[in-house]
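Single-structure report; data block below.
The values are calculated or read from the model by the stated rules, or taken from the named source; none is laboratory data. Note that the structure is a prediction, hence the values are computed from the model and not measured. Methodologically, a virtual Cβ is constructed for each residue, glycine included, from the backbone with ideal geometry; neighbour enumeration extends over all protein chains shown. Only protein heavy atoms, including side chains, enter the accessible area calculation; ligands, DNA and RNA are left aside. Shrake-Rupley method; radii C 1.70, N 1.55, O 1.52, S 1.80 Å.
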Amino acid sequence: MKRHKYQLVLTTCPDTEAAERVAQALVTERLAACVNILPIAKSIYLWKGKVESATEQLLIIKSMARAFRSIQKRILELHPYELPEVIAVPIADGLPDYLAWIRNPDKT
């Protein structure tokens, strides 16, 4: 099975402050090339045996796959949730110049 070099990491935050704190840290620390913050995601989920709902902000984190553990660690350090979503989705293909930018965003 082919190991992908690039990934999207998804997480949700309860508000703009938390979303921006996570996004700023990941980009500033060079763990991600870019983080998109999509406002107003309505989440309906099971939590501790009950159906819950929340308005959240979705973060789409673009990074190298090798950075996943470090990204996960920073999200756990910065995130207000007891159990934050941290899911990596491999990028199978993409515009070569865009993927090169993800690999080295300082060299644009």
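If you go through segment 1-37 one residue at a time, how many are assigned to a helix (DSSP H, G or I) and either small (Gly, Ala, Ser) or surrounded by 20 or more Cβ atoms within 10 Å (Cβ to Cβ) (or both)?
In the first step, residues of segment 1-37 are kept if they are assigned to a helix (DSSP H, G or I); the result is 16-28.
Next, from what is left, pick out any that are either small (Gly, Ala, Ser) or surrounded by 20 or more Cβ atoms within 10 Å (Cβ to Cβ) (or both): 18-19, 22-23, 25-26.
Summing the residues that are assigned to a helix (DSSP H, G or I) and either small (Gly, Ala, Ser) or surrounded by 20 or more Cβ atoms within 10 Å (Cβ to Cβ) (or both) in segment 1-37 gives 6.
Residues that are in a helix (DSSP H, G or I), more than 12 Å from the chain's Cα centre (by Cα) and in contact (Cβ under 8 Å) with a residue 40 or more places away in the chain occur at least once in segment 77-91.
One residue alone among 94, 49 is in contact with a strand residue (DSSP E or B) (Cβ under 9 Å, 6 or more places away or on another chain) and farther than 23 Å from residue 15 by Cα, and that residue is 94. Taken over segment 56-108, the criterion of being open to solvent by 80 Å² or more (accessible area, probe 1.4 Å) and under 18 Å from residue 41 (Cα atoms) is satisfied by 83, 87.
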